[in-house]
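Report on one structure; see the data block that follows.
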């Protein structure tokens, strides 16, 4: 865990996972159509704030439902196009969304925690500097992906056991995307749980900001 502050400027890039970060995850299933896609609370507002703090925002998402034959590439692309349009309506922006359609057993370089989607993004956006980038996700796989590229990592979770498990890969913890976005917009000191070393919630009951 990082005991300092996250200091960025408009030259930085943001990478985000999709399911569980931007939209509600379907437990045991996949978002196969726009009708099944549901933004998590305050995510469009969060992405507006985020757009004001980063040069670009990139979504990187594992979508092995394609490899399982449960949806097509066209289905996923249609969801991502509609998602981007809805975010723009709130004043935010997603510069591009990349996804990996392959099964875990395919061992594709594109599938997180492998870094293939990030390399594709840097090819499309040569200004990306991974050391001046942040990865936001809700899985340890997302955190490993970020750390392999020397990014700062932000873990969105209420699960203290998962936070403990991922300590080596997690720099900062927030309960949701809007909490992270508001933190970026505040010029004063960050919440105490980001500045203690080690964080109090790893050794005692979690603070309110984690349990809300």
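Here, each number is a calculation from the coordinates, and none is a lab measurement. Predicted, not measured: the structure shown is a model, and the values here were computed from it.
Taking the alpha carbon gyration tensor of segment 1-96, multiplying each eigenvalue by 5 and rooting it gives semi-axes of 26, 15, 12 Å, largest first. Per-residue ellipticity at 222 nm computed for the chain from its helices equals -8500 deg cm²/dmol, with DSSP H segments shorter than 4 residues left out and the rest contributing -39,500 (n - 2.57).
Just to be sure I understand, if you calculate volume of the Cα convex hull per residue in Å³ for this structure, which of (i) 140; (ii) 189; (iii) 117 do you get? Recomputing volume of the Cα convex hull per residue in Å³ here picks out (iii). A Gaussian network model of the chain, with springs between Cα atoms under 10 Å, assigns the largest mean-square fluctuation among 29, 91, 116 to 29.
Taking 55, 105, 38 as the candidate residues, the one with maximal mean-square fluctuation in a Gaussian network model of the chain, Cα springs under 10 Å, is 105. Comparing 121, 78, 57 in a Gaussian network model of the chain where C-alpha atoms under 10 Å apart are linked, the largest mean-square fluctuation is found at 78.
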